[in-house]
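What follows draws every value from the coordinates through simple rules; no lab data is involved. If you're wondering where the values come from, they're calculated on a predicted model, not measured in any experiment. Cβ atoms come from the backbone with ideal geometry, glycine included; neighbour counts cover every protein chain shown.
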Amino acid sequence: MIQKIKYLILLSFAVMLTTSCNKWLELKPQDGIIRQDFWKTKEDVNAAVLGCYASLFNTTSSLFIWGEIRGDMLGTTLKTTSEQLDIINGNILSSNSITKWNPIYQTINYCNTVIDFAPLALTTDQTFKQADLNAALAQVRALRAYMYFELLRTFGEVPLKLKSTSSDADLVQLAKNTKKEVYDQIVADLTFAEANAPTTYGDRIGDKGKMTRYAINSLQADVYLWGEDYANTITACNKVIASNQFGLISGKNPDGSVNTQWFNTVFYNGNSNESIFEFQYSSSVLNPFYNMFISSSKQFAGSAIVMDQVYTVDLLDDQNKDIRGDLSSIKAGDLTIWKFAGADNVKNLRTSTTSYAHWFVYRYSDILLMKAEALAWTQKGQDALDLVNVIRTRANALPGTLMNPDPTSAVDVTDYIMAERQREFAFEGKRWFDILRNAKRNNYAHLDYLLSIETDIAPSDKQTFIINKYKDVRSHYLPINIYEIQTDKNLIQNPFYQ
Amino acid sequence: MRMKSFLTRIFYCLIALVLLSGTTVMAQQAKEKITIRGKVIDKTDRTPIYGGSVVERDQDMRYVTGVATDLNGNFAIKISNPKNIISFSYIGYKTVILPVNGQANFNIELEPLSNQLGEVVISANTKTNNGTGLNIDARSSTIATSTLKAEDVQDLGASSIDQALAGRLSGVDVGTTSGDPGAGMSIRIRGTASLNGSSNPLIVVDGMPYETQIPSDFNFGTADEQGYAQLLNIAPTDIMDITVLKDAASTALWGSRAANGVLIINTKRGSIGKPAITYNVKFSGAKQPNSIPMLTGDQYSTLIPEMVMNRDGLPLDITTNKEFAYDPNDPLNYYNYSRNSDWIDAITKLGYSQDHNISMQGGGEKARYYASVGYFNQTGTTVGTGLNRITAKINLDYNVSSRIRFRTDITYTHVVTDFNYNKTIRGVAYNKMPNMSIYQYDEYGNLTPNYFSPAQNIQGQYDATFNPLAMALVGVNHQLGERITPHFQLQYTFIPSVLTATFDVQYDINNSKTQTFLPQLATGRPTTETSVNRATDADGDGLNIQTKTNFIYQPKLKEGHSFQALLSIQSSDSRSISHNVATANTASDVLQDPSNPSRTQNSDLTLSSGASQYRSVGALISAQYGYLDRYLINVGIRGDGNSRFGPNNRYGFFPSASGRWRISGEPFMKKFKFLDELSLRASYGHSGNVPGSNYSFYNTYQPGIWGVYPSNMELTNLRWETLIGKNLGFNLGILKNRVKIDAEIYQNTTKDMFYNNLQISSFTGFTGVSMNVGTMDNDGFEININTIPIKTKNWTIGFDFNISKNINTLRSISEFYPKTNGTKITSNGVYQTFLQIGNPFGSYYGFRFKGVYKDADATIARDASGTEIIGPNGQKVQMRFNYPATNYLFQPGDAMYEDVNHDGNIDYKDIVYLGNGIPKLTGGFGPSVTYKNNLKLSAFFSYRWGYQLINGTKMNTTNMYNFNNQSTAVLGRWRNPGDITNMPRALYNSGYNWLGSDRYVEDASFIRLRSVTLRYNFTPKFLEKFKFKAASFYVTTENLFTWTKYTGQDPDVSSGGDNNPLSYNVDNSMTPPGKSVLFGLTVGF
């Protein structure tokens, strides 16, 4: 009986607690925004889209390292970390933190969040029209495609995560998708994005820092070129060319003298007329390069071949220089990576508070050289060489780097384009992917291209070891980080690293 | 209806009721007035008492009217009701209470109180207090508790209670985070029941929960929890007793937050008597023991070039690393880098502390008081650290009548702590290159008074390294805390000694400010960087309001039965706000406040603010029934609601039951005369734990530099973490309680354990999520033995002993939880641990160290029979490391590891079990000798037995892997082929010479003489002469000696922080724990 009364009292308390106290216990954060209160207006959607762009800032060091560390442009210093050295020495393990893809997928999640929730604002904000929504979705889907393209080229097979993670109920264990599936998703996102993205955002920072239709076309060209779809590559390039919005900044003034402002215009200030898409670092958001390239404990410098073989020196006239070489991409004296470290084309370095060089994703020269590469593989070798010459002329490329490939030999023309790309896009995170694209084309018909480059840069005692590894083409993709393997039962390690 | 307003309404209703009943009573009795006269005199010398009070009281002892006696002790009082009673009292005399009964003349003799010295009212039976309000005799307690009295700890040099608790109570583990003044402590009761999140116990002071944690979203700039030691800043002398609730039946009454155990602290209160003033003073000195010997500058600059050379045969480039050039033509570097500096000595000094406390207590029938003021000042053993604290406390009790009583307690604490700007200062000093000068030399070789702080050198730049002395002296980290805790209580008795109610409300205002400044002098960096003249200022204000409403029902039952029941309703509301400013590049080293013109431009420098709120409610029903003083049973249930959960999981219910059977009370036990007490106790209970962060059940978005992005996911599945505890205890007292044994055996199972940052696939966009991940057991036993082997007229010798064991075992865990600690056993300096469901925590694995390859021949791989392994081409195969992933060939001078499987390759297949870092037994013991109640010598030992510790200090000071200074042990390193030694060659940033191996694993069992105290109580004769009531003098020394086989510095490493089943204990201390001597004096007037 006593027990019964107790239960009754308890029950009445439970009822009282749940009814009268529930409100009292319902607290909302006072200094944050919760999802239920967000996604009401077009400003909310716009802020979330900008958040996706801002998250790109976290990806830059991965993009740089993935694109350069296995190439032939980087040299080491005393402060190069052991993990970086491991990759350079071909000792690539899944425990290496360089194989972490976290920042990339974080951006993808931000994009997915916009894709999932932005449509909610249509109902609450009458001024927010379907077209505005589509323009927002176009940008985030283009960003998502860009991120997956980086993953595809770096890891090969990756899981496609296309829904946002907003609640612990959304947690899933995904398996890897095939390269084809990832590629198809990228193409689909870009197709939607191209159809809906605006051509301009009304100001220069917007036009260079956000996904305009031309930036999307550039990305399409890059993706199709990777997919060996040359017709679409040319189409995409032509769309950018035909827009007449972009042009090359010449290395020479009209009077024939050297354009001393070239470095400042293109790299120090950025957002030049030849820029298509750049990460907009500024004094309020610094890039990660100060510790990597500039400070006394810098981790990387250029490799010894950059001046000797890539740009070369005119032994007769030391004033006759490739404008992209000394004090533009690199400082010949101490091999500092000048493109991101230089404060001018004389000698001054950026400081820890002025290290905000942009990250250059696409410049107009890339469009011309991508088109050239596609032309070379569609039996238009001479047209390709003409485009290469446009680049060379404006940059005052030295005769030492001139090659005269047979226009009918796609392989020779492409090797020449690759050499030009190496000069043009030094340290812009493209070199390894160029090497890999060239080597893997037509089912690894040109693997020797990759092997010869790796032979040149491998330390003598590790040469055989490294070359033997790279002969197995599965080793060209990084392993999935051990962390991901441990946290997802369905994720299978890339075959070379199993 | 809101809970709080509901409570306040009840509160007001009751006050109204009380007032109403009082006035009606008075109204009825205001009619007939009688005058009473008389005289009050002293009973012994029969002198009149002047100023004595004569008071008319009603049946409830409520004050009706009163007068004072005149010079002759005469009085006259008009009383309103002849049925009332009349009381005669005077300070220092026993009160006389008589019924009026129509009598008109009273001649009263007051008897002086014989003993006025007692500080605490001694009642016949000590009560245990589980803090909730039920008053149960200690001998009838059904739960597992242990209590520490103030006398037990007052002799120690402890600046706060948690320090004083260390090692005193079985099952309570107190760990230090650092020896610096103001450093916080971690307290663990019966192991850690949670994987992470809060593991500190709930602390209840005078019946109200006391907030000891900083809200997780409080951002204090550079400060961390260590800086919030003032959270538990009650002056130790104000404490009457500390009780630890250990089993779940007792903690269940506190519901949420009680899963980690409960610490009940009661402070001293006033008692009837003349004002008694007590003055306590303590002085202490502490010395940092000598560190392990490190290389001198000369030895260091021999080692470094050799180490770099060994890497790839290329010598150290002394044109860029001029620190090692020793080139007299470059005088600046020559003079500044040719020293033999002792960095540790430079930043170390003797520490001193002084602690003064004056208290006054006393009172009369109606009002009693206890008031104290304390001042504590400490300078640490590291230059630049110190603590200043002022505490004030006043506890007032006022009896309106025998039915209504008020209590008002106000505590105030003011703390100023100076920390080093950088907490790694001692570590940096150990690593600092000894050939570098502390003060700068000019180019002529003259020593200047400026600190030598180069922008960078071979060891790197700020914040990897800096000039430790400059950092200690000119870096600022100044923390200020102000805390006021007013607590009000109203007690009303509905039916005398049957139904009583108490209403409590406590405000806790806790404000902190942290100011730091990092001057250019200390970092040497160029003025464009944010690490130069960097000033921060952080403010955090917390306000916590708690209420508690108790109804205690204690019916009068037939002889042999006893019953008590409690209904308690509690609420808590905590708000906190914080503001942070961090700026850099003020114009000068003396402009140390961020309000000076300075930069705030990039993300490294911030202006930020935050606000947070947290609420909880709880209701508890608890009852205890006893039959014939032999069979006792206690049941309780508590319901809790908490704002940290989403609507689905907001409420938790926590039942408990416990019982006690006093076997010694049974008739058949009567013949065992020597037996005073023999009881069996059993208990079962649930208690809960809430997540550490607020608002986690919302999907939140956070504004960034450009836009807005999702900052965390919505946690819809987060549930209460529940601890289910079972406890079996027994109490034995024999030979007039000269031998008392308390033993407990327990099993605590934590269900739905929280894990804050459970790893999830990063393709979700996140790397961690908070979740309930599994079940963990804490099993163990505790035995407490108190004995008085010798007790004669002059001598009393006592011996106390406690021993306990706790085992952590995972029973189940989420599949997302990592299965190993994720370290790569093939990297230097780490050990492998594995998650083993059903096995206790703490085992680690690694290689077996076999010495050093003395020459090229020794590096040839050999099979199990010892013959050399021959390759396919007939060549001799060298020992390899981690083939094919790494493929390093061992060189002469490299560390040699056992090739367990004899395949010529050292890899993960060669790792073996090396040890377990969890002690098999821990505890303490202490003898005490008292002579004639005047001289008392007591000692306290603590011990841990049966565990293996990783000597991290040895690892870090002998690895010769980077430019850190090393210990002199490396002088015996391998240098030339044929050298036979156990110390491998120096190898800069490469090789595998310090893999996790048994080279660093040692048996760390120890017994430590933690304290010895000699106390002298002055004789009554002496006291009389000086008009003192009491006086004593004592000397305490701490950490005098440690008996151990362990060769490192401190075998007593407790794992602070998260209770990670994959972690292992490492001793990184460079010095043994500090020794201190304390002198104290207590005088009562």
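Please average, across the residues of A:48-57, the number of beta carbons from any other chain that are within 10 Å of each residue's own beta carbon, and give a whole number.
Mean shielding by partner chains, rounded to a whole number: 5.
Quick one: angle between helix A:410-424 and the longest Cα principal axis of chain A, in degrees between 0 and 90, rounded to 10, please.
In chain A, helix A:410-424 runs at an angle near 70 degrees to the longest axis.
Using a 10 Å cut-off around each Cβ, can you sort B:ILE552, A:ILE205, A:ILE330 from fewest to most neighbouring Cβ atoms?
Ascending Cβ contact count within 10 Å gives the list A:ILE205, B:ILE552, A:ILE330.
To make sure I understand the rule: partners must be lysines, Cα under 18 Å from the Cα of B:LYS393, and not fewer than 8 residues away in the same chain. Which ones qualify?
B:LYS268
How many nm is it between the label spots at B:SER814 and B:ASP857, if each spot is 7 Å from the Cα in line with the beta carbon?
That separation, rounded to one decimal, is 5.9 nm.
Determine Rg/Rh for region A:424-498; Rg is computed over alpha-carbon atoms and Rh is the Kirkwood hydrodynamic estimate from the same atoms.
A ratio of 1.04.
For peptide B:1014-1023, how many partner chain Cβ atoms fall within 10 Å of a residue's Cβ, on average?
Mean number of neighbouring Cβ atoms from other chains: 0.
Stokes-Einstein at 20 °C, 1.002 mPa s, Kirkwood radius from Cα pairs: D for region A:386-470 in µm² s⁻¹?
This corresponds to a translational diffusion coefficient of 151 µm²/s.
Note down, for region B:400-528, the three equivalent ellipsoid semi-axes (square root of 5 times each alpha carbon gyration tensor eigenvalue), biggest first, whole angstrom.
Semi-axes (√(5λ), whole Å): 59, 13, 11.
Let me spell out the model: positive unit charges on the Cβ of Lys and Arg, negative unit charges on the Cβ of Asp and Glu, origin at the Cα centre of region A:70-136. What dipole size does that give, in debye rounded to 20?
Roughly 140 debye, rounded to the nearest 20.
So which aspartates and glutamates pass the test for B:LYS83, namely a Cα distance under 15 Å, with those fewer than 8 places away in the same chain ruled out?
B:GLU32, B:GLU56, B:ASP58, B:ASP60
Report, by chain and number, residues whose modeled amide H sits under 5 Å from the one on B:GLY207, excluding near sequence neighbours (fewer than 5 apart, same chain).
Close amide H contacts, sequence-distant or interchain: B:ILE265.
Quick one: Kirkwood hydrodynamic radius for the protein assembly as shown, alpha-carbon pairs, angstrom, one decimal? Walk me through the numbers before you get to the answer.
Numbers: mean 1/r = 0.0263 Å⁻¹.
Roughly 38.0 Å, rounded to one decimal.
Determine the shape class of region B:380-450: with a ≥ b ≥ c the square roots of the Cα gyration tensor eigenvalues, call it rounded for a/c under 1.5, and otherwise prolate if a/b is greater than b/c, oblate otherwise. Please report the intermediate quantities before stating the final value.
On the way: a/c = 9.14, a/b = 4.49, b/c = 2.04.
Prolate is the answer for region B:380-450, as a/c is 1.5 or above and a/b outweighs b/c.
Treating cross-link reach as a plain straight distance, find the aspartates and glutamates whose alpha-carbon is under 17 Å from the alpha-carbon of A:LYS176, omitting any fewer than eight places away in the same chain.
Qualifying aspartates and glutamates at Cα under 17 Å: A:GLU150, A:GLU157, A:ASP184, A:GLU484, A:ASP488.
Give, as ranges by residue number, the residues of region B:280-316 whose backbone N falls under 12 Å from the point 7 Å along Cα→Cβ of B:SER990.
B:308-315
Can you give me the distance in nm between label points at B:ILE663 and B:LYS274, each placed 7 Å from the Cα along the Cα-to-Cβ direction?
5.2
Once you've got the Cα coordinates, tell me which of B:LYS423/B:LYS819; B:LYS936/B:LYS1045; B:LYS149/B:LYS805; A:LYS321/A:LYS380 are over 27 Å apart.
Checking Cα-Cα distances, B:LYS423/B:LYS819; B:LYS936/B:LYS1045; A:LYS321/A:LYS380 exceed 27 Å.
In the P(r) worked out for region B:516-569, what percent of Cα pairs fall beyond 19 Å?
66
Where the centre of each part is set by its Cα atoms, how far does region A:237-259 sit from region B:826-872, in angstrom?
63
Return the inverse of the average 1/r over all pairs of distinct C-alpha atoms in chain A, which is the Kirkwood hydrodynamic radius, in Å to one decimal.
24.6
Whole-Hz ³J(HN,Hα) for each residue in region B:486-492, computed from phi via Karplus 6.51 cos²θ - 1.76 cosθ + 1.60 with θ = phi - 60°, x for glycine and proline: what do you get?
Listing the rounded values in order: x, 9, 10, 9, 10, 10, 10 Hz.
If neighbour count is taken as other Cβ atoms inside 10 Å, put A:PHE496, A:PHE38 in order from fewest to most.
Lowest count first: A:PHE496, A:PHE38.
If you take the charge dipole of the protein assembly as shown about its Cα centre, with +1 on Lys and Arg Cβ and -1 on Asp and Glu Cβ, which of A:LEU436, B:GLY481, A:THR235 is farthest toward its positive end?
With unit charges placed on the Cβ atoms, the residue in question is B:GLY481.
Need the C-alpha centroid separation for region B:539-603 versus region B:282-332, integer Å.
If you average the Cα positions of each part, the centres end up 48 Å apart.
At what distance in angstrom do the alpha carbon centres of region A:271-316 and region B:969-1027 lie from each other?
Here the two parts' Cα centres lie 50 Å apart.
Please give the average number of partner chain Cβ atoms lying within 10 Å of the Cβ of each residue in A:161-167, rounded to a whole number.
Working: counts 5, 0, 1, 5, 11, 6, 8.
Neighbouring Cβ atoms belonging to other protein chains average 5 per residue here.
Per DSSP helix of 4 or more residues, -39500 (n - 2.57); summed, then divided by the residues of chain B. What does that give at 222 nm, rounded to the nearest 500? Each step should come with its number before you reach the end.
Values: 12 runs with 99 residues, N = 1085.
Result for chain B: -2500 deg cm²/dmol, rounded to the nearest 500.
Less than 12 Å Cβ to Cβ from B:GLY66, Lys/Arg counted +1 and Asp/Glu -1: what total charge do the surrounding residues give?
+2
About its Cα centre, how strong a charge dipole does the protein assembly as shown have in debye, to the nearest 20, once Lys and Arg get +1 and Asp and Glu get -1 at the Cβ?
Once rounded to the nearest 20, the dipole reads 7460 debye.
Once the dipole of the protein assembly as shown is set up with Lys and Arg at +1 and Asp and Glu at -1 on Cβ about the Cα centre, which of B:TYR845, B:ASN84, B:ALA501 lies farthest towards its positive end?
B:ASN84
Would you list A:ILE108, B:ILE788 from fewest to most Cβ contacts within 10 Å?
On the way: A:ILE108 28, B:ILE788 18.
Ascending number of Cβ neighbours within 10 Å: B:ILE788, A:ILE108.
Provide, for q = 0.21 Å⁻¹, the log10 of I(q)/I(0) from a solvent-free Debye sum over equal Cα point scatterers in region B:618-738.
-1.11
For Cα pairs less than 8 Å apart in space and 6+ apart in sequence, what is the mean separation divided by the residue count of chain A, i.e. the relative contact order in percent?
Reported relative contact order: 19 percent.
Below 8 Å, C-alpha to C-alpha, sequence gap of six or more: please give me the relative contact order for chain B in percent.
That works out to 10 percent.
Say the dipole of region A:115-260 comes from +1 at the beta carbon of Lys and Arg and -1 at that of Asp and Glu; which of A:SER250, A:ALA175, A:ALA197 then lies farthest toward its positive end?
Positive-most Cα among the choices belongs to A:SER250.
Along the Cα→Cβ direction, 7 angstrom out, place labels at A:GLN382 and B:PHE1033. What is the inter-label distance in nm?
Here the modelled spin labels are 11.4 nm apart.
Give the whole-number value, in cubic angstrom per residue, of the convex hull volume spanned by the C-alpha atoms of chain B.
Considering the Cα atoms of chain B, their hull volume per residue is 226 Å³.
Report the FRET efficiency, 1/(1 + (r/R0)^6), for B:GLU559 and B:ALA367, where r is their Cβ-Cβ distance and R0 is 45 Å, rounded to 0.05.
0.75
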